[in-house]
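Rule-based calculations on the coordinates, nothing more; no lab input. This one's a predicted model, so the numbers in the text were calculated from it and none came from an experiment. Every residue, glycine among them, receives a Cβ derived from its backbone with ideal geometry; neighbour counts consider all protein chains shown.
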Amino acid sequence: MIRKTVANVKEALLGVEDGMTFMLGGFGLCGIPENAISELVRLGVKDITCISNNAGVDDFGLGLLLQKHQIKKMISSYVGENEEFERQMLSGELEVELTPQGTLAEKCRAAQAGFPAFYTPAGYGTEVAEGKETRNFNGKMHVLEHAFEASFAFVKAWKGDEAGNLIFKGTARNFNPCMCGAAKITVAEVEELLPAGSLDPNEIQIPGIFVQRIFQGEHYEKRIEQRTVRSRN
Amino acid sequence: MIRKTVANVKEALLGVEDGMTFMLGGFGLCGIPENAISELVRLGVKDITCISNNAGVDDFGLGLLLQKHQIKKMISSYVGENEEFERQMLSGELEVELTPQGTLAEKCRAAQAGFPAFYTPAGYGTEVAEGKETRNFNGKMHVLEHAFEASFAFVKAWKGDEAGNLIFKGTARNFNPCMCGAAKITVAEVEELLPAGSLDPNEIQIPGIFVQRIFQGEHYEKRIEQRTVRSRN
Amino acid sequence: MLDKIGIAKRIAREVKDGYYVNLGIGIPTLVANYVRDDISVEFQSENGVLGMGPFPYEGEEDADIINAGKQTITTLPGASFFDSATSFGMIRGKHVDLTILGAMEVAENGDIANWKIPGKMVKGMGGAMDLVASAENIIVAMMHTNKKGESKLLKKCSLPLTGVGCVKKIVTNLGVLEVTPKGFRLLERAPGVSIEVIKSATEGALIVEGDIPEMTV
Amino acid sequence: MLDKIGIAKRIAREVKDGYYVNLGIGIPTLVANYVRDDISVEFQSENGVLGMGPFPYEGEEDADIINAGKQTITTLPGASFFDSATSFGMIRGKHVDLTILGAMEVAENGDIANWKIPGKMVKGMGGAMDLVASAENIIVAMMHTNKKGESKLLKKCSLPLTGVGCVKKIVTNLGVLEVTPKGFRLLERAPGVSIEVIKSATEGALIVEGDIPEMTV
């Protein structure tokens, strides 16, 4: 067994530098690497490029990094619900590259699985395809999209073990598995870190080979963006 | 919940015809759709093309279909351990298309996920790449490979539910998940068929949307090809 | 004329037994409430869940179980969770039977625009570009005109496109229209809405052939 | 001269702490038995398992748990199972650190042939083409000559290729060689094997520079 555990978030983020490209898992605020984000804020790394489906809200998630002007560029599919984001984008402080959500997921998976590029129909005929190669397959037009390149991937799982194996929960899974192994170093934070052998090999969703560092997060706020409920009556 | 259960293997294979292309899960004899294969033998469908990593052994797995001369063409990565296969191939009775194993898996996954084609470095500079488009990405040559097209995919899982959700066991997983949803109709046979709601939504390995028909196999022989053991002393 | 709920109810009748359906944010989300309960349908949300159920009871909401609108949800028996790449594999691979989404503009050739207003806020396309590029069956739910009273059914979209030639059907507050090679073919009028009203609210080519029934919702 | 076990033992010394290793069928499989037990290594088998352990005790074999050689195996703590597409994602994505496989022929430019003898049996390439096309670190384990006594280290492969310019190191019964732009560079001699013997058994360009140590196994 190859041990991937590190003592804490500080050790997990060793090597993080200004100007790097990071992948961050999560959909909205669901399944985001809360502890890694806090540490990125504390470290004050600047001019970073973030690959993340969303940009958090004003005071949580990636919004915390936006507040401190640490982000140079966002690569996302949806960036609503964030006033500071809007302000920075409109003022030109923040560069934004919008990418169809399925393309975003597959650009991660392509990096993970060693595919340099892929063809997808998403975005054909739109400004997303401008300047990109297009091609007809079976009578349908496709756009050539390339695998992401990133220095670190920060992902959040539910349970993990010393070997770096991960299990996600509910829709907090989202982009997290796709980003594992898609950057030079994958840092996984988990709610519960277990000894190797605690997880059924059959139930592991991401094998440890895709993870370089794993730690148990100190605290998870797990903020809900839209609390929708029904009453019992 | 959309119900996918059929009464038995006969109902599961309704619509199977001569000349069709089938995908069959399994690696060697591990995780093969034993009941579907038996029914294909019983039905006597001819001139079929089989996409399967291996071709079984002489008297089990796809070997049973070879014995009856039902297979016109095999698309596989490894076809050793089968004398009848060898005889038919050398005599020209059987057409064989050998494909690198990772390419075979991805041609299935591409069909499942709606990618028409992909670039892989596997096989570049070999006869596998002859007549295929090649392309340099990041200084490395790649070969363009296309998604498979098949009428039926026959897969075998460990547990399944009425909604078509599947869980595989051990290395019997192999190509089975990749083939789900990769053909027009996916037929899953399982060792244990459960009511919807019995499986934890978090532990499902293949969501039912990729499966059109599911049934519980009557009997599984699960033959071992290489029984390797150590003694306790 | 239909209100948003009326539009959702009318679209719910397009949902057939055995369909896997992806519902966009807004009016489309309401459709789930009006699907006949004697048919089997599963709702997919592109953030990674199939078999969505209603909102949770108060106090039972789970931050780890949401839909693509970031709303807390529940799951029904037979549900499953999966990652984003798998989710869009379902969509791109045409395993999802029907996509219902909102739009800012639809053109008579089926082009759709719903993700960006240049110079104003850009929220992003989310999964919409993947959905419209792949789905075989796309229904747009929207108001026939914008807040300024301008038609949203155009000869040509003025806003940046989400997808080209992909919309099949449109249900608005005024009626049901089908996209054909010759333009918007009117299929049904909303209750109390005349053909003249629809004509004047439709900038793109409108085809009115034969008797156009008033819909029953 | 080394026997197969000797070759396996020598290759085992190339396995470093923290390596994920894919072992081919034949001599490579034996390597697992000789890796130092004070380092952490995980063995991947391309049929879908990481963290392979030894063969099961008699009576505990499970038809659903095999390696790529179709042998019944066990798993160690920290092991995981996965599908074939994910397995080759590990390989193609360079997550596997070292690939050890057999060969029929290796050329001085690193080309390898190991899957087909035209006119004779063709068993297929299995996962070998994916492995050699992707791995950064490929060691070939083989006899220096074939059964007829002909060199297997050639100027140019005569058999259909498995991959081009990919082999980095070769361990044979006669020695250890590195593939360089100028040809096979001799690094070590097997016990009791002279440079002259290696020269006469190597058809491809052989580079012998400085003192060539006899290996210790």
If unit charges are put on Cβ atoms (+1 for Lys and Arg, -1 for Asp and Glu) and the dipole of the stretch C:138-217 is taken about its Cα centre, the option from C:Ala141, C:Leu159, C:Val217 lying farthest towards the positive end turns out to be C:Leu159
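With only alpha-carbon pairs counted, each pair once and no self-pairs, how large is the Kirkwood hydrodynamic radius of the stretch A:106-155 in angstroms?
11.8 Å
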Per residue Cα convex hull volume in Å³ - calculated over the stretch A:177-233:
171 Å³
For the pair A:His219/B:Leu144, report the inter-label distance in nm, with labels modelled 7 Å from Cα in the Cβ direction.
5.5 nm
For the stretch D:158-217, what does the equivalent ellipsoid look like in terms of its semi-axes, each the square root of 5 times an eigenvalue of the Cα gyration tensor, given largest first in whole Å?
21, 12, 12
As a footprinting exposure proxy, order D:Lys168, D:Lys147, C:Lys199, A:Lys159 by other Cβ within 10 Å, with the fewest listed first.
D:Lys147, C:Lys199, D:Lys168, A:Lys159
Summarise the partner chain shielding of A:204-215 as one whole number: the mean count of Cβ atoms from other chains within 10 Å of each residue's Cβ.
5
I'd like the per residue volume of the convex hull spanned by the Cα atoms of chain B, given in cubic angstrom.
168 Å³
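Under a Cβ-only charge scheme (Lys and Arg +1, Asp and Glu -1), can you give me the dipole magnitude of the stretch B:93-198 about the Cα centre, in debye to the nearest 20?
Dipole magnitude for the stretch B:93-198 comes out near 440 debye.
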With the dipole of the stretch A:80-219 defined by +1 on each Lys or Arg Cβ and -1 on each Asp or Glu Cβ, the option from A:Asn174, A:Pro100, A:Leu144 whose Cα lies farthest towards the positive pole is A:Leu144
Give the residue from B:Tyr124, B:Gln67, B:Leu40 lying farthest towards the positive end of the charge dipole for the stretch B:39-164; charges sit on Cβ (+1 for Lys and Arg, -1 for Asp and Glu) and the dipole is referred to the Cα centre.
B:Tyr124
Taking square-rooted eigenvalues a ≥ b ≥ c of the alpha carbon gyration tensor, is the stretch A:1-99 rounded, prolate or oblate, where a/c under 1.5 means rounded and, failing that, a/b exceeding b/c means prolate?
prolate
Within a 10 angstrom radius of the beta carbon, how do A:Glu39, D:Glu46 rank from fewest other beta carbons to most?
A:Glu39, D:Glu46
Quick check on chain C: of the DSSP beta bridges with both residues there, what percent are antiparallel, nearest 5%?
50 percent
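Arrange the peptides D:70-78, C:128-136, B:85-93 so that the one whose residues have, on average, the most other Cβ atoms within 10 Å appears first.
C:128-136, D:70-78, B:85-93
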Run the helix sum for chain C: -39,500 (n - 2.57) per DSSP H stretch of 4+ residues, divided by residue count, reported at 222 nm to the nearest 500 deg cm²/dmol.
-4500 deg cm²/dmol
Rounded to the nearest 20 Debye, what is the dipole magnitude of chain A about its Cα centre when Lys and Arg each give +1 and Asp and Glu each give -1 at the C-beta?
540 debye
Rg and Dmax of the stretch A:88-189, using alpha carbons, in Å: what are they?
16.1, 49
Mind checking the dipole of the stretch D:95-217: about its Cα centre, +1 per Lys or Arg Cβ, -1 per Asp or Glu Cβ, Debye to the nearest 20?
540 debye
Using θ = phi - 60° and the Karplus relation 6.51 cos²θ - 1.76 cosθ + 1.60, list the HN-Hα couplings for the stretch D:82-87 in order, rounded to whole Hz, with x at every Gly or Pro.
7, 7, 5, 5, 5, 4
Would you mind classifying the stretch D:98-165 by shape? Square roots of the alpha carbon gyration tensor eigenvalues, ordered a ≥ b ≥ c; an a/c under 1.5 is rounded, otherwise it is prolate if a/b is larger than b/c and oblate if not.
oblate
Pairs beyond 19 Å (Cα-Cα), from A:Lys159/B:Lys156; A:Lys10/A:Lys73; D:Lys16/D:Lys168; B:Lys4/B:Lys68; B:Lys72/D:Lys120:
A:Lys159/B:Lys156; A:Lys10/A:Lys73; B:Lys4/B:Lys68; B:Lys72/D:Lys120
Ranking A:Arg109, C:Arg92 by Cβ neighbours within 10 Å, fewest first, what do you get?
C:Arg92, A:Arg109
Using a 10 Å cut-off on Cβ to Cβ distances, tally the other chain neighbours for every residue of A:12-21 and report the average as a whole number.
0
Take every Cα-Cα distance within the protein assembly as shown, group them into 20 Å bins from 0 onward, and report for each bin the whole-number percent of pairs it holds.
14, 45, 32, 8, 1, 0
Would you be so kind as to identify all helices of chain A, as entire DSSP H runs, whose Cα atoms reach 15 Å or more along the helix's own axis and whose mean Kyte-Doolittle hydropathy is at least 0.0?
none
State which entries of A:Lys132/C:Lys116; A:Lys140/C:Lys148; A:Lys46/A:Lys132; A:Lys140/C:Lys169; A:Lys169/C:Lys9 exceed 26 angstrom in Cα-Cα distance in the structure shown.
A:Lys140/C:Lys148; A:Lys46/A:Lys132; A:Lys169/C:Lys9
Grab the Cα-Cα distance for C:Glu136 and C:Tyr57, subtract it from 0.36 nm times how many residues apart they are, and report the gain in nm with one decimal.
24.9 nm
Excluding residues fewer than 8 positions from D:Lys152 in its own chain, the aspartates and glutamates with Cα under 16 Å of it are D:Glu105, D:Glu108, D:Asp111, D:Glu178, D:Glu203
For the stretch B:1-53 and the stretch A:130-160, what is the centre-to-centre distance using only Cα atoms, to the nearest Å?
34 Å
If I take the Cα coordinates of the stretch D:1-91 and project them onto the principal axes, what are the three extents in Å, biggest first?
39, 31, 23
Roughly what would the spin-label model give for C:Asn146 and A:Arg227, points 7 Å off Cα along C-beta, in nm?
3.6 nm
Expressed as a whole number of Å, what is the distance separating the alpha-carbon centroids of the stretch C:1-62 and the stretch D:27-79?
48 Å
Shape category assigned to chain D from the gyration tensor of Cα positions, a/c cut at 1.5:
prolate
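Which percentage, to the nearest 5, of the DSSP beta bridges contained in the stretch A:1-110 is antiparallel?
15 percent
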What FRET efficiency would be calculated for the residue pair B:Lys46, B:Ser91, taking the C-beta separation as r and a Förster radius of 22 Å, to the nearest 0.05?
0.80
Kindly work out what percent of the DSSP beta bridges joining two residues of the stretch B:105-233 are antiparallel, to the nearest 5.
45 percent
Take the Cβ-Cβ distance between B:Asn8 and B:Leu194 as r, set R0 to 22 Å, and report the resulting FRET efficiency rounded to the nearest 0.05.
0.80
